[in-house]
Structure formats: structure tokens, C-alpha cells
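Participant: Sharing a structure with you now.
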Amino acid sequence: MTKIAVYPGTFDPITNGHFDLMKRGLKIFDQIIVAVAENPQKQTLFSLQQRIDLVNEVTKDIKTIQVMTLDKLVVDFSRDHSATVILRGLRAISDFEYEVQLASINRSMEPSIESVFMSPAEEYSFLSSSIVKKLIKKKKTISFAESCTGGLLASVITAESGSSKTFKFGIVTYSNEAKIKFLKVPKETIKKYGAVSSETCRSMVSNLNRISKTNIAISITGIAGPNGGTKKKPVGLVYIGLKKGKRTIIKKNLFKMKNRNLIQKSTVKVALGMIKSLI
């Protein structure tokens, strides 16, 4: 018997996280039906047909994925297509309570259909999709100056469809020379306080904002390790600067993990959280 799962959502737009969940879901199920929801009461960034076309484009090489319009209750749709499972993605622990309640309602309506929850792979667990949509909706632009993350924040944002409408400028100033030459950080600031300091981070974000002329500017400087740390400035020390209008925020972070990759990803998550709190 063919195991069919329905993966419902607005997919506005489809993200790497969505696609990752589909591919992992096919390790469990024989077929996945991506049910793109039509909800006239919800304002979407892309039209229904555009969202369907985007999902079709991304999944075109996988024959066991079908894309359809969801214009009824998920339970009824699943029953109509002989699916026995509703596949749901959990982006964060905060999603769990809502999803459990929804699963309980669905099960009371159709006991033969189960709900299966899958968490995103770590590299796709960022909040970038909702942030990009909010920035576009509010017509805000953003720019980044990254050091220890080496362009990871820009990469995460530009992986999302439509990001070109909001992301206008990005630069990796990994060396002190680059910070001085391109971001005009005073030599005296770096000499007195060091490249990894609140003072340098503030200078980076202020000058980035002046150069890029975007609504929001983000700067990152830190020690991702595994080498380069000292007792005073250990591996995992990262400063993140955010400038929006006249408001400037400098956040000091001390990540306890010593893995370079995890420090970089954790820094990006914090930066995205800072952006989200101000839009």
C-alpha cells in the first residue's frame, strides 16, 4: 500500500526549509502532496498561482511530489486523496502547542489520519523567511557588514525568494585593514579597543548605514574560533550592531560552544532575532 502524506501550507514563498522537509519526508513516505493553501482572508506576498508555480519549479525533478491547491479543510483534502498522514514542520518549540491542538482537532474529525511533525535541519532553522516578507511588506531595506560570520547572514537572507527587494548591500570586512578601508573604522578605535569590541562594532554599523543608506544596518565582529581567543576576549565573544534611524543597538554575546560553525550560526540567529524585534 502506498503511503501518502499531505504537506499543507501557504508556501509564501517556498523556502529551503520547506524543500528540505519534503526530501526528508520522502524517506518515510512513498508520496508527498504539497497542498498550497488558498486563503482569501490572509494577505500573501505572492498570488496562489505564483506560489504553486514556485513549488513546481523547485520540486520538478522529484516525481513523488505532487503540487495541488488546498481549497478545503486539510482533513477532507487528505481523505479525498487517500492520504493517511498530515505532515507538519515545526520551526521552533513555540509552534508545538498550536500544532498539537490542531492535530487533536484533525484526529477527532478523521481518526484514520495521523499528524507527523518534523523539525527543520539546523541550517534551515532560521527565521529568515518571515523577516524577508515583513521587510518587503513594510518597504524596508537592509544592509550587512560581517566579519566573523564571513557573509553567512547575507547568504541566509538571499536564499529566500524576493530578498532582492529588501537586501541592498553586503560586505565582508574580515581583516582590520578592510574595516578601516571600506567601513572607515578609525585606526585609533581598533588600536585602543580591538577589532572585537563594542566600539568597533558601533563604528562599523554607523558607517555602514551612512554608506548603504538602508533603513536597517547590521554589523558583526567577533571570535568564531577555534583559535584567536584570549582570557579577556575568549572564543565565542561576538558583538552585533544594529542601526535603524537614530537608534543604535550594540549587543554583546558570549557563546559557550567552541565549535566555529555553531558560533557562526548562533550569531546569525541572534542577528535575525534583533532584526525581527524592530520590524
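Each reported figure results from applying straightforward, stated rules to the coordinates on display, with no laboratory input. In this text the structure is predicted, and so the values were computed from the model without any measurement. Every residue, glycine among them, receives a Cβ derived from its backbone with ideal geometry; neighbour counts consider all protein chains shown.
Participant: Could you tell me how far the Cα centroid of region 49-64 sits from the Cα centroid of region 126-191, in Å?
Facilitator: First find each Cα centre; the distance between them is then 30 Å.
Participant: Specify whether the C-alpha gyration tensor of region 4-124 places it in the rounded, prolate or oblate class, a ≥ b ≥ c being the square roots of the eigenvalues: rounded for a/c under 1.5, otherwise prolate if a/b is larger than b/c and oblate if not. Before the final figure, lay out each step's value.
Facilitator: Numbers: a/c = 1.23, a/b = 1.19, b/c = 1.04.
Rounded, since a/c falls under 1.5.
Participant: So how strong a dipole does region 1-71 carry about its Cα centre when Lys and Arg Cβ are +1 and Asp and Glu Cβ are -1, to the nearest 20 debye?
Facilitator: Numbers: 8 positive and 8 negative charges, 56 e Å.
For region 1-71, the charge dipole is close to 260 debye.
Participant: Quick one: net charge of residue 193's neighbours, Cβ under 11 Å, K/R +1, D/E -1?
Facilitator: Details: positive: 191, 192, 202, 233; negative: 188, 199.
With Lys, Arg at +1 and Asp, Glu at -1, the net is +2.
Participant: Taking N as the number of residues in the chain, what is its Cα Rg relative to 2.2 N^0.38 Å? Walk me through the numbers on the way to the answer.
Facilitator: Numbers: Rg = 21.9 Å, N = 279, 2.2 N^0.38 = 18.7 Å.
Working it through for the chain, the quotient is 1.17.
Participant: Please tell me which of these pairs span more than 31 angstrom C-alpha to C-alpha: 184/244; 139/233; 138/192; 168/252?
Facilitator: Values: 184/244 19 Å; 139/233 38 Å; 138/192 39 Å; 168/252 26 Å.
Pairs exceeding the cut-off: 139/233; 138/192.
Participant: Just to be sure I follow the rule: in region 4-124, considering lysines 8 or more places apart or on different chains, how many pairs have Cα atoms under 22 Å apart? Before the final figure, lay out each step's value.
Facilitator: Details: 23/60; 23/63; 27/60; 27/63; 42/72.
The result is 5.
Participant: Taking the chain as the reference, fit the longest principal axis to its C-alpha atoms, fit the long axis of helix 260-277 to the helix C-alpha atoms, and give the angle between the two in degrees, 0 to 90, nearest 10.
Facilitator: Roughly 80 degrees, rounded to the nearest 10.
Participant: Can I ask one more? Let's see if you can work this out: charge +1 on each Lys and Arg Cβ, -1 on each Asp and Glu Cβ, no other charges. What is the dipole magnitude of region 128-277 about its Cα centre, in debye to the nearest 20? List each step's numbers first, then the result.
Facilitator: On the way: 32 positive and 5 negative charges, 117 e Å.
Computed about the Cα centre, the dipole is about 560 debye.
Participant: Please determine, in degrees from 0 to 90 and to the nearest 10, the orientation of helix 128-137 with respect to the longest principal axis defined by the Cα atoms of the chain, where the helix direction is its Cα long axis.
Facilitator: Roughly 80 degrees, rounded to the nearest 10.
Participant: Hey, another quick one. For residue 172, which sequence-distant residues (separation of 5 or more, or a different chain) have an amide H within less than 5 Å of its own amide H, given hydrogens modelled in the peptide plane?
Facilitator: For residue 172, whose amide H was placed from the backbone, the distant partners under 5 Å are 146.
Participant: Calculated from DSSP H runs of 4 or more alone, at -39500 (n - 2.57) each and per residue, what is the 222 nm mean residue ellipticity of the chain, nearest 500? Please report the intermediate quantities before stating the final value.
Facilitator: Working: 10 runs with 108 residues, N = 279.
Mean residue ellipticity at 222 nm (helix-derived): -11500 deg cm²/dmol.
Participant: Continuing with this model, one more query. Just tell me which aspartates and glutamates come within less than 12 Å, Cα to Cα, of residue 137; anything on the same chain fewer than 8 places away is out.
Facilitator: none
Participant: Could you tell me which trypsin sites (Lys or Arg not before Pro) in region 53-109 are loop residues by DSSP with no more than 14 other beta carbons within 10 angstrom of their beta carbon? It would help to have the intermediate numbers written out before the result.
Facilitator: On the way: sites: 60, 63, 72, 79, 88, 91, 107; in loops: 60, 63, 72, 91.
Taking region 53-109 and a limit of 14 other Cβ atoms within 10 Å, the loop trypsin sites (Lys or Arg not before Pro) found are 60, 63, 72.
Participant: Sticking with this one: Compute the helix-to-body angle for 198-212: its Cα long axis versus the longest principal axis of the chain, expressed 0 to 90° and rounded to tens.
Facilitator: The angle comes out at about 70 degrees.
Participant: Return the subset of 133/213; 187/251; 187/256 for which the Cα-Cα distance in this structure is over 26 Å, preserving the input order. Numbers along the way, then the final one.
Facilitator: On the way: 133/213 20 Å; 187/251 22 Å; 187/256 30 Å.
Checking Cα-Cα distances, 187/256 exceed 26 Å.
Participant: List the residues of region 185-215 whose backbone N lies under 17 Å from a point placed 7 Å from the Cα of residue 230 along the Cα-to-Cβ direction.
Facilitator: So the set is 188-201.
Participant: Label-point separation (nm) for residue 24 and residue 69, each offset 7 Å from Cα along Cα-to-Cβ?
Facilitator: Result for the modelled spin labels: 3.2 nm.
Participant: Using the Cβ atoms and a cut-off under 14 Å, what net charge is assigned to the surroundings of residue 25, where Lys and Arg are +1 and Asp and Glu are -1?
Facilitator: On the way: positive: 3, 23, 24, 27, 88; negative: 20, 30, 114.
Here the count lands on +2.
Participant: Work out the charge dipole of region 4-124 with +1 on the Cβ of Lys and Arg and -1 on the Cβ of Asp and Glu about the Cα centre, then indicate which of 121, 7, 28 is farthest towards its positive end.
Facilitator: 28
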